[in-house]
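In what follows, a structure is listed as structure tokens, so that the remarks can point back to it.
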Amino acid sequence: MFRVKYLDPRADLTFKRIFGEHEDLAKSFLNALLPFDEGEEIESLEFLPAELVPDTPLKKDTIVDVRCKDNRGRQFIVEMQMFWTETFMQRVLFNASKAYVKQIDKGQHYNYLQPVYSLNLVNDIFFPELKEFYHLYNIVNIEHTDKVIEGLHFVFVELPKFKPQSVLDKKMMVLWLRFLTEMGKVTNDVPEEFTQNPEINKAVELLRESSYSDAQILGYEKFWDIVRVEYAVKYDARKEGFQQGLQQGLQQGLQQGLQQGLQQGKQQGLQQGMEQGMQQGMEQGLQQGLQQGMQQGIEKGRKAQALEIARKLKSLHVPTADILKATGLTEEEISPLP
């Protein structure tokens, strides 16, 4: 049986071909993902040239994935980011602000300025403490959040958190996010929901490996090689940070516990008080150390490595209840871990 191989739509090559060359697909994608009210949907689009953002203290050179403008003059910046970094939000703010300012020349009236929408798809978890995968930022009045200053709008999507059942009223949003998160795993059997929708089906056809040259495939594979190396580096750093945090927390907790035990021992009596006090102090210190260690480790790590963290904690004989609190996993997920 002939098997059709599809490329991953999150790669630079495929993402730009789908959303940077096909106006109908870009329009459908933006209308599905951006928070438009009724009557605000995009009617037509034109692509703008991608541009290099100059060196700044915040970031290295980067190419905006897709830039376009609709018939109302509103601009849209779409970026696919494989990893979350500390300066990513500043970079997004810089790009959007620059696009907003460049709409008019010196001396022109501010009335010509139109809103800029920045849509950022991140293949990483950056808010592990939040269950939502979709994050909208507007310039709003703190006390009256319905009062919005039009101009800049930012959307961040944590792709690993997305589950189809979490979106009940936006069918196209579900289909497009499923397309991004599922098509990289498809070889032959494309989900029926994809083929039944004309826009999603067209995007699927653009992922056929046979439609790309050998040089493009080579660049595509190199992209994923870089991603895998970067992932390994970040994972090792997070793992090391967790271990260091746990060890430091244990040491601090034990030291505090011993000091408390000695003090309590002096108060209760030389022999009995020392034994009881030190025992209680060590137990308190271990508990406090575990809590501090888990907290520091988790802060340096990522929710994406929650299972790895849980396995390490389980090997240290940390109570299941503490592991649940520290990782956010369920007992069913933790039980089979070695």
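The values are calculated or read from the model by the stated rules, or taken from the named source; none is laboratory data. Bear in mind that the values here come from a model prediction, so they are computed numbers and not experimental data. Note that each Cβ is placed from the backbone with ideal geometry, even for glycine, and that neighbours are counted across all protein chains shown. For accessibility, only protein heavy atoms count, side chains too; no ligands or nucleic acids. Shrake-Rupley method; radii C 1.70, N 1.55, O 1.52, S 1.80 Å.
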Checklist outcome for this item: How many residues of segment 1-41 are closer than 18 Å to Met172 by Cα and not charged (D, E, K, R)? The answer is 17
Item to check | Selection count where residues are open to solvent by less than 60 Å² (accessible area, probe 1.4 Å), in contact (Cβ under 8 Å) with a residue 24 or more places away in the chain and not in a helix (DSSP H, G or I), scope segment 182-196 | outcome: 3
Checklist outcome for this item: Counted residues in segment 202-238 being at pLDDT below 75 and either open to solvent by 70 Å² or more (accessible area, probe 1.4 Å) or among the aliphatic types (A, V, I, L, M) (or both) come to 2
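Going through Lys16, Lys27 one at a time, which residue ends up being modelled with pLDDT under 95, assigned to a helix (DSSP H, G or I) and either among the small types (Gly, Ala, Ser) or open to solvent by 20 Å² or more (accessible area, probe 1.4 Å) (or both)?
Lys16
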Checklist entry - Do you know which of the residues in segment 289-310 that are closer than 26 Å to Gln255 by Cα and at pLDDT 70 or above is least open to solvent (accessible area, probe 1.4 Å)? => result Ala310
Item to check | Matching residues, segment 198-236, being of a type in the set (A, V, I, L, M) and within 22 Å of the chain's Cα centre (by Cα) | outcome: Ile226, Val227, Val229, Ala232, Val233
Checklist entry - Which of the residues belonging to segment 154-181 are open to solvent by 30 Å² or more (accessible area, probe 1.4 Å) and in contact with a Ser or Thr (Cβ under 7 Å, 6 or more places away or on another chain)? => result Met172
Item to check | Scope segment 170-211; condition among the polar types (S, T, N, Q) and over 14 Å from Pro9 (Cα atoms); matching residues | outcome: Asn188, Thr195, Gln196, Asn197, Ser210
